[in-house]
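Q: Okay, handing you the structure first.
Just so it is clear, none of the values below were taken in a lab; they were calculated from the coordinates. This is a predicted model, so every value here is computed, not measured. With ideal geometry, Cβ positions are generated from the backbone for all residues, glycine too; neighbour counts draw on all protein chains shown.
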Amino acid sequence: MNKTSKIYIAGHGGLVGSALLRRLHAEGFNNLITRTHYELDLKRQAEVEAFFEVQKPEYVFLAAAKVGGILANSTFPAEFIYENVMIQSNVIHASYRCGVRKLLFLGSSCIYPKHCPQPMKEEYLLSGYLEATNEPYAVAKIAGIKMCQAYNRQYGTNFISVMPTNLYGPGDNYDLHNSHVLPALIRKFHEAEVDSAKRPVVLWGTGSPYREFLHVDDLADACVFLMENYTGNEIVNIGAGEDLTIRELAGLVKKTVGYDGEIVWDLSKPDGTPRKLLDISRLKALGWSPKIDLEEGIKATHDWYLKNYDILNQISTGYPQSYSGGCSKI
């Protein structure tokens with residue numbers, strides 16, 4: 001890519017898409033294409049193909065997806081598989097038809113088996129059963145990976161796929177019905193801290209599962225790096241390289257927010273996958289490593305949440321935007 005390359009960021013309003021937009025602007029790229037869901041519905045093939053025919057982007061970051069936590073995945077499995085398959089299929093196929101020079105598809109660590117050896121290497125894909133609570137979402141993402149690989153083999157395209165770990169940072173979704181764990185913790189502890197009754201914070205499960213967390217600005221940095229430095233049909237994990245328990249994470253957020261009350265663990269709720277730690281040796285061998293420390297990142301994210309608290313309470317989050325972007329939230 002050069003500074004005048006025509007670059008389309010699909011899902012620019014979401015967590016990852018907005019981070020990519022910030023990163024590319026900071027690097028001096030000045031020919032960036034964005035569209036809201038109201039301007040372009042990525043689930044509609046005709047709309048997507050017409051957009052590509054007119055705009056003719058040279059590079060595409062496919063960061064649009066419908067995402068959510070355990071509750072959202074369990075409640076809306078049909079929406080998660082349908083919307084994600086439609087979005088990624090339309091964008092990937094239109095990119096091929098219009099001669100896009102390179103596309104980066106954002107998958108998810110959910111693609112790996114529930115009882116996967118740790119840390120999870122890229123070659124463990126499809127080596128076991130998926131976690132049931134997010135299987136439709138994972139299947140959709142696996143389809144996107146396989147689609148990129150198939151188009152590369154058959155048509156000679158240059159489509160790469162990356163697998164981010166759990167993400168957090170500015171622009172995240174804080175709706176307790178469909179957010180991921182870290183933003184949900186920030187909101188729960190903040191609301192408990194300002195609650196005069198000082199009610200305890202109730203968290204799902206046992207707190208024993210291990211999770212890895214990467215700041216979204218690190219992810220954006222890695223994606224731009226890979227777009228410029230990696231070509232291949234093999235997927236690439238993007239993570240922090242270390243994990244902690246949900247119980248330990250809750251302690252970090254509690255300390256950051258300043259909440260001094262009680263935490264109650266609701267043992268009737270599921271824990272999800274026991275552990276999800278990505279092996280990032282392939283990415284490190286290419287020359288990239290994460291830079292933002294988790295405690296520092298949580299503090300910065302909490303500061304952003306406080307500054308945007310009133311706005312966040314007014315935004316509808318019926319269609320969350322991803323780690324990998326989003327399909328309709330502005």
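Q: Using the count of nearby Cβ atoms within 10 Å as a rough guide to exposure, how do T34, T256 rank from fewest to most? Write out the running numbers ahead of the final one.
A: Working: T34 16, T256 19.
Fewest-to-most ranking of T34, T256: T34, T256.
Q: Sticking with this structure for a sec: In this model, which of K66/K307; K188/K255; K254/K299 are farther than 21 Å apart at the alpha-carbon?
A: Numbers: K66/K307 26 Å; K188/K255 13 Å; K254/K299 11 Å.
Violating the 21 Å Cα-Cα cut-off are K66/K307.
Q: Starting from the amide H of S161, placed 1.01 Å from N in the peptide plane, find each other amide H under 5 Å away whose residue is 5 or more places distant or on another chain.
A: F105, V236
Q: Can you list the residues, at least 5 places off or on another chain, whose amide H is less than 5 Å from the amide H of W204, using H built in the peptide plane?
A: So W204 has HN proximity to D266.
Q: Loop-only check: which chymotrypsin sites (Phe, Trp or Tyr not before Pro) in region 109-187 are DSSP coil with at most 16 other Cβ within 10 angstrom? Could you put the intermediate results ahead of the total?
A: Values: sites: Y124, Y129, Y137, Y151, Y155, F159, Y168, Y174; in loops: Y129, Y174.
Sites meeting the loop and neighbour criteria: Y129.
Q: Please turn the phi angles of region 173-178 into ³J(HN,Hα) values with the Karplus equation 6.51 cos²θ - 1.76 cosθ + 1.60 (θ = phi - 60°), one per residue in order, whole Hz, x for glycine and proline.
A: Once θ is set to phi - 60°, the couplings for region 173-178 become 9, 10, 5, 5, 7, 9 Hz.
Q: By its C-alpha gyration tensor, with a ≥ b ≥ c as the square roots of the eigenvalues, how is region 1-105 shaped: rounded for a/c under 1.5, else prolate for a/b larger than b/c, else oblate? Before the final figure, lay out each step's value.
A: Working: a/c = 2.35, a/b = 1.42, b/c = 1.65.
Oblate.
Q: Pick from F189, F61, F76: which is most flexible by mean-square fluctuation in a GNM of the chain where alpha carbon atoms under 10 Å apart are linked?
A: F76
Q: Something else now. Counting only DSSP beta bridges with both residues in the chain, tell me the antiparallel percent, nearest 5. Write out the running numbers ahead of the final one.
A: Values: 4 of 31 bridges.
Here the share of antiparallel DSSP bridges comes out near 15 percent.
Q: What is the Å³ per residue value for the convex hull set by the Cα atoms of region 7-314? Before the final figure, lay out each step's value.
A: Working: hull volume 39.8 nm³, N = 308.
Given the Cα convex hull of region 7-314, per-residue volume reads 129 Å³.
Q: Would you order R101, R275 from fewest to most other beta-carbon atoms within 10 Å of each residue's own beta-carbon?
A: Details: R101 14, R275 18.
Listing R101, R275 from fewest to most nearby Cβ atoms yields R101, R275.
Q: Which of A285, A300, A94 moves the most in a Gaussian network model of the chain with Cα springs under 10 Å?
A: A285
Q: Provide L252, L182 in ascending order of the number of other Cβ atoms located within 10 Å of each residue's Cβ, fewest first. Mind showing how you got there, number by number?
A: Working: L252 17, L182 24.
Ordered from fewest to most neighbouring Cβ atoms within 10 Å, L252, L182 come out as L252, L182.
Q: While we're here: Could you work out the relative contact order of the chain, using alpha carbon pairs under 8 angstrom and six or more residues apart, expressed as a whole percent?
A: Values: 693 pairs, mean separation 86.4, N = 330.
For the chain, the relative contact order is 26 percent.
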